[in-house]
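Report on the following structure.
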Ligand SMILES: [Zn+2]
């Protein structure tokens with residue numbers, strides 16, 4: 001039973017926050033060696049600290065690595081686990097995030113959304129299945145030349161609005177609530193310098209998922225593999241029966257990868273894959289970078305063995321050629337950690353239901369900040385933020401779904417208090 005009247009709250013400002021944040025370019029850059037990878041991410045992080053201080057989050061601060069931390073102190077006598085809500089400020093390097101012009105399409109009626117700055121960009125009702133559930137809602141899109149940045153400024157706006165509402169509605173009882181905004185999630189460095197000791201949370205929820213009502217406790221487990229081919233380099237004019245080109249051997253390996261299975265193009269659901277992401281080389285030496293993914297961690301070894309066997313078989317036909325095969329752990333399926341603390345998901349699912357949705361547990365074919373946080377000691381599933389069609393010009397989110405996410409945060413905070421002694 002909800003004694004805190006969360007569902008009667010009407011004065012949501014989440015869309016205002018969102019519109020403000022998406023206009024700040026925060027694209028991250030994998031080729032940068034700095035942290036955060038781009039200084040412009042700090043423009044948003046600094047604003048968030050100012051806004052947190054203004055709503056009464058007294059300890060809000062930006063640290064030297066670009067992380068924003070803040071606390072909403074407990075307002076109950078109960079001993080409640082410290083819960084953190086987390087999202088990332090950066091947007092994907094895959095699509096420009098400069099001069100984003102957000103457009104609100106009010107009272108959506110099922111039409112195709114033609115974006116004005118490039119009329120070839122059309123969000124079609126028939127292609128975006130989740131639009132069917134948005135009739136009557138207010139949908140926010142970009143204008144056709146940039147991404148929107150709902151990933152993950154929707155999550156940022158939702159946490160900011162939930163913080164404001166928690167402070168203004170003391171009838172909602174909660175323990176210490178921590179806020180964390182990370183940089184560089186999109187390039188896989190989101191938690192590289194996070195200070196979990198300073199954060200001081202026991203459990204966390206990233207607000208970085210997709211469709212309203214969903215919560216994810218399962219990600220891929222991920223390794224990287226690097227194949228290096230050492231060929232035999234000879235002057236091409238004198239190469240007959242001598243040259244063994246590492247470039248050609250590398251190409252042959254890529255050509256021989258399975259195509260009807262174990263590839264991103266041929267798999268879905270919980271099926272894993274081996275995927276070349278970069279290839280470079282000379283006659284003398286060539287390297288192929290792979291990512292290896294599977295929901296079951298012990299399948300990774302199997303996929304890597306299969307890849308190495310293929311490399312071995314192909315290079316064996318070139319007697320002067322040698323190879324090295326290296327693998328590196330990237331992240332692990334957070335379910336391995338989350339299953340040890342079932343209450344995190346139970347409360348997440350119950351909060352979604354209390355906020356008026358049908359809760360749906362999903363798994364992600366990817367990773368989140370939460371997959372790494374979980375293994376760093378902060379168990380952390382991923383809650384919907386409401387955005388769709390991430391990382392491209394057709395990205396969209398509805399105001400109503402962001403409001404549902406805000407309510408979900410409030411219910412999570414209240415449920416942890418309610419279930420504590
Ligand atoms: Zn994201």
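Read-outs throughout are calculated quantities, based only on the coordinates presented, and are distinct from any laboratory measurement. What you see is a predicted model, and the numbers here were worked out from it, not measured in a lab. Neighbour counts are summed over all protein chains in view; Cβ atoms, including those assigned to glycine, are modelled from backbone coordinates with ideal geometry.
Most exposed first by the Cβ proxy, i.e. fewest other Cβ within 10 Å, how do 248, 335 rank? Mind showing how you got there, number by number?
Details: 248 16, 335 20.
Going from sparsest to densest Cβ surroundings: 248, 335.
Among 101, 393, 129, which one shows the highest mean-square fluctuation when the chain is modelled as a Gaussian network with alpha-carbon springs under 10 Å?
Per the Cα network of the chain with a 10 Å cutoff, 129 tops the list.
Relative contact order of the chain: what whole-number percent is it, with Cα pairs under 8 angstrom and at least 6 residues apart?
On the way: 962 pairs, mean separation 98.9, N = 421.
Over the chain, the number comes to 23 percent.
Give me the distance between the Cα centres of the range 157-173 and the range 287-311, rounded to whole Å.
About 45 Å separates the Cα centre of the range 157-173 from the one of the range 287-311.
Using r as the Cβ-Cβ distance of residue 13 and residue 235, and R0 as 51 Å, what FRET efficiency do you calculate, to the nearest 0.05? Could you put the intermediate results ahead of the total?
Details: r = 70 Å, r/R0 = 1.37.
Efficiency, from the Cβ-Cβ distance: 0.15.
Could you check the spin-label model distance between residue 224 and residue 59? Points 7 Å from the Cα along Cα→Cβ, value in nm.
Calculated label separation equals 3.5 nm.
Indicate the gyration tensor shape class of the range 277-332 (rounded, prolate or oblate), computed on the Cα atoms with a ≥ b ≥ c the square roots of the eigenvalues: a/c under 1.5 is rounded; otherwise a/b larger than b/c is prolate and the rest oblate.
Details: a/c = 3.25, a/b = 1.72, b/c = 1.89.
In terms of gyration-tensor shape, oblate.
Using R₀ = 45 Å, calculate the FRET efficiency as 1/(1 + (r/R₀)^6) where r is the Cβ-Cβ separation of residue 420 and residue 278; round to 0.05.
Working: r = 49 Å, r/R0 = 1.08.
Efficiency, rounded to the nearest 0.05: 0.40.
Testing the spin-label approximation: label points 7 Å from Cα along Cα→Cβ at residue 39 and residue 104. State their distance in nm.
Going by the 7 Å Cα→Cβ label model, 3.4 nm.
Mind checking Rg over Rh on the range 81-159, alpha carbons, Kirkwood formula for Rh? It would help to have the intermediate numbers written out before the result.
Values: Rg = 14.4 Å, Rh = 14.0 Å.
With Rh from the inverse mean 1/r over Cα pairs, Rg/Rh is 1.03.
Once each part is reduced to its C-alpha centroid, what is the distance from the range 1-40 to the range 174-201 in angstrom?
14 Å
Compute the helix-to-body angle for 41-55: its Cα long axis versus the longest principal axis of the chain, expressed 0 to 90° and rounded to tens.
20 degrees
Quote the FRET efficiency, to the nearest 0.05, computed for residue 308 versus residue 74 with a Förster distance R0 of 56 Å and r equal to the Cβ-Cβ distance.
0.60
Inverting the mean 1/r over all pairs of different Cα atoms, compute the Kirkwood radius of the range 122-173 and quote it in Å. Could you put the intermediate results ahead of the total?
Details: mean 1/r = 0.0726 Å⁻¹.
Computed over the range 122-173, the radius equals 13.8 Å.
With the cut-off at 1.5 for a/c, could you classify the chain from its C-alpha gyration tensor as rounded, prolate or oblate? Before the final figure, lay out the partial values.
On the way: a/c = 2.13, a/b = 1.77, b/c = 1.20.
Cα axes put the chain in the prolate bin.
How do 406, 311, 283, 122 rank when sorted from fewest to most other Cβ atoms within 10 Å of their own Cβ? Show your work: numbers first, answer last.
Working: 406 28, 311 22, 283 17, 122 14.
Least crowded to most crowded, the residues run 122, 283, 311, 406.
So if each residue of separation counts as 0.36 nm, and I subtract the Cα-Cα distance between residue 376 and residue 5, what length gain in nm does that give? The partial results should precede the final answer.
Working: separation 371, 0.36 × 371 = 133.56 nm, distance 3.53 nm.
Between residue 376 and residue 5, full extension yields an extra 130.0 nm.
Can you bin the range 360-412 into rounded, prolate or oblate? Criterion: square roots of the alpha carbon gyration tensor eigenvalues sorted a ≥ b ≥ c, rounded for a/c under 1.5, prolate for a/b above b/c, oblate for the rest.
Working: a/c = 2.51, a/b = 1.30, b/c = 1.94.
In terms of gyration-tensor shape, oblate.
Counting other C-beta atoms within 10 Å, which of 374, 4, 233 has the fewest, and how do the rest follow? List each step's numbers first, then the result.
Values: 374 28, 4 21, 233 17.
Fewest-to-most ranking of 374, 4, 233: 233, 4, 374.
Extending each Cα 7 Å along its Cβ direction at residue 353 and residue 94, get the distance between those two points in nm, one decimal.
3.4 nm
Tell me the Kirkwood hydrodynamic radius of the range 221-330 in angstroms, computed as one over the mean inverse distance between distinct C-alpha pairs.
On the way: mean 1/r = 0.0691 Å⁻¹.
Computed over Cα pairs of the range 221-330, the Kirkwood hydrodynamic radius comes out at 14.5 Å.
As I understand it, the value is the acute angle between the Cα axis of helix 399-418 and the longest principal axis of the Cα atoms of the chain; what does it come to in degrees, rounded to 10?
Orientation of helix 399-418: about 70 degrees from the principal axis.
Relative to the longest principal Cα axis of the chain, at what angle does helix 150-168 sit, 0 to 90 degrees, rounded to 10?
30 degrees
Hey, how many Å between the Cα centroid of the range 91-156 and the Cα centroid of the range 223-255?
Value for the Cα centre distance between the two parts: 46 Å.
Show that you can apply the helix-only estimate: for the chain, add -39,500 (n - 2.57) for every DSSP H stretch of four or more residues, divide by all residues, and state [θ] at 222 nm to the nearest 500. List each step's numbers first, then the result.
Working: 10 runs with 120 residues, N = 421.
Computed mean residue ellipticity for the chain: -9000 deg cm²/dmol.
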